[in-house]
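Colleague: There's a structure below that I have some questions on.
The values are calculated or read from the model by the stated rules, or taken from the named source; none is laboratory data. Being a predicted model, the structure only gives us computed values, none of them experimental. Quick reminder, even Gly has a Cβ in these numbers, built from the backbone with ideal geometry, and neighbours come from all protein chains shown.
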Amino acid sequence: MKNILIVSHSHFPSNSAVHVHHFANELVKLGLDCVVAVPNNQDYGSTLKGNLYSVTQYNEIDKITDLFTNHQSPDLVHAWTPREHVRSYCYALSIRYEFKLVIHLEDNEESITERFLDVSLENWSTEYDNLLPYNLSHPVKYQEFMANADGVTVIIDKLTKFAPSTSSTITLYPGVDTEEFYPRQKNNNLLKSLGIKNDATMLGYTGNIHPANIDEVRSLYLAVGKRNQMGKPTVLVRTGINNNLEILDEDQL
């Protein structure tokens, strides 16, 4: 049996961890033994329906073998992004165990670091190291981490440009729970209960808001407002957190 450890960069039930949840379940269904490591709050895993895998926290690194059925070390570690806390955890794993390493890319890590810190990576120096949050990718260390990967998965094809030429790469699209999401008739009673018109356009954004994407999300909000001003009923359904960011200025409300 292959032992697979998926290292999530966030705890449950964040958006990325939900992706991990579905992939881990499918791996178990294929007959593999799967454990998911989260930074903290492992108990939140129970809020997701039907998890078939075990969950551990980063600080329980020495107990991982207890979670696999054969009490052996992981054969493969799938690191969900090369961000600093994930990289550091995987480095600590490599001291204790031997395994194949696969790294997943779901964002342009360089762009996110630049926009969070408002600094060009071309001008990066060690003085910025102390400003780097634990959950962003270090512009030098992440590349070294990627260079050691045996394989890379990407959420969209364009991210393959960040994968080392020596690594095998596949596109790994987000999964979906087909018991919850499937084509169905419009529920007019639900729309009425929510005060939404039957002819309204419904849009969804299922992600967090942070300095790297706030401009794009703001443009989405303004577009929805513009459509309503033009007499085209439009409703935006949001999930995720705002990270204490104000999306719209007072004159845009």
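Colleague: Out of (1) touching a residue at least 24 places away in the same chain (Cβ under 8 Å); (2) not in a helix (DSSP H, G or I), the odd one out for GLU110 is which?
Modeller: With (1) touching a residue at least 24 places away in the same chain (Cβ under 8 Å); (2) not in a helix (DSSP H, G or I) applied to GLU110, the lone miss is (2).
Colleague: How many of the residues making up segment 122-155 are of a type in the set (Val, Ile, Thr) and surrounded by 15 or more Cβ atoms within 10 Å (Cβ to Cβ)?
Modeller: 4
Colleague: Please verify whether TYR205 is assigned to a strand (DSSP E or B) and outside the structural domain of LEU136 (by TED's automatic domain parsing), treating the condition exactly as stated.
Modeller: Taking the combined requirement at face value, the residue satisfies it.
Colleague: So which of VAL28, VAL7, VAL18 ends up being out of contact with any Asp or Glu (no Cβ under 7 Å at 6 or more places or on another chain), surrounded by 21 or more Cβ atoms within 10 Å (Cβ to Cβ) and not basic (Lys, Arg)?
Modeller: Being out of contact with any Asp or Glu (no Cβ under 7 Å at 6 or more places or on another chain), surrounded by 21 or more Cβ atoms within 10 Å (Cβ to Cβ) and not basic (Lys, Arg) holds for just one of VAL28, VAL7, VAL18, which is VAL7.
Colleague: In this structure, is VAL36 under 23 Å from ASN135 (Cβ atoms), in the same structural domain as HIS78 (by TED's automatic domain parsing) and modelled with pLDDT of 90 or more?
Modeller: So VAL36 fits the description; yes.
Colleague: Next up: Take the residues in segment 69-91 that are under 21 Å from ASN130 (Cβ atoms) and part of a helix (DSSP H, G or I); name whichever of them is nearest to the chain's Cα centre (by Cα).
Modeller: In this case the residue turns out to be VAL86.
Colleague: Separate question: Is it the case that SER94 is surrounded by fewer than 19 Cβ atoms within 10 Å (Cβ to Cβ) and in contact (Cβ under 8 Å) with a residue 40 or more places away in the chain?
Modeller: no
Colleague: Name the pairs whose Cβ atoms lie under 7 Å apart, with the first residue in segment 150-170 and over 14 Å from ASN108 (Cβ atoms), the second of a type in the set (Asp, Glu), and 6 or more positions between them or separate chains?
Modeller: Hits for this filter: SER167/ASP150.
Colleague: Please go through (1) surrounded by 13 or more Cβ atoms within 10 Å (Cβ to Cβ); (2) under 30 Å from ASP118 (Cβ atoms) for THR201 and return the number of the only condition it doesn't satisfy.
Modeller: Going through the list (1) surrounded by 13 or more Cβ atoms within 10 Å (Cβ to Cβ); (2) under 30 Å from ASP118 (Cβ atoms), THR201 breaks only (2).
Colleague: What residue, of VAL154, VAL176, is touching a helix residue (DSSP H, G or I) at 6+ places or on another chain (Cβ under 7 Å), of a type in the set (Val, Ile, Thr) and under 20 Å from ALA17 (Cβ atoms)?
Modeller: None of the others qualify; the one that does is VAL154.
Colleague: Of all residues in segment 161-184, count the ones that are of a type outside the set (D, E, K, R), over 23 Å from ILE4 (Cα atoms), modelled with pLDDT of 90 or more and assigned by TED's automatic domain parsing to the domain that holds LYS49.
Modeller: Residues that pass the stated criteria total 1.
Colleague: Is there a residue being touching a Leu at 6+ places or on another chain (Cβ under 8 Å) and modelled with pLDDT of 90 or more anywhere in segment 115-129?
Modeller: no
Colleague: List every residue pair whose Cβ atoms lie under 8 Å apart, where the two residues are 6 or more positions apart in sequence or sit on different chains, the first residue falls within segment 42-66 and is modelled with pLDDT under 90, and the second residue, located anywhere, is assigned to a helix (DSSP H, G or I) and of a type in the set (S, T, N, Q).
Modeller: GLY50/ASN25; ASN51/ASN25
Colleague: Only residues in segment 77-90 that are not assigned by TED's automatic domain parsing to the domain that holds ALA163 count as the first member; pair them with residues that are in a helix (DSSP H, G or I) and of a type outside the set (D, E, K, R), Cβ under 7 angstrom, at least 6 apart or cross-chain, and list the lot.
Modeller: none
Colleague: Which pairs do you get when a residue that is in the same structural domain as TYR205 (by TED's automatic domain parsing), found in segment 219-248, comes within reach of a residue that is modelled with pLDDT of 90 or more and of a type in the set (Gly, Ala, Ser), reach meaning Cβ atoms under 6 angstrom, with the pair 6+ apart or on two chains?
Modeller: Hits for this filter: PRO233/ALA200; VAL235/ALA200; VAL237/GLY204.
Colleague: Please specify each residue of segment 116-143 satisfying the condition of being of a type outside the set (Ser, Thr, Tyr) and under 18 Å from the mean Cα position of the chain (by Cα).
Modeller: Of everything in segment 116-143, those that are of a type outside the set (Ser, Thr, Tyr) and under 18 Å from the mean Cα position of the chain (by Cα) turn out to be PHE116, PRO133, ASN135, LEU136, HIS138.
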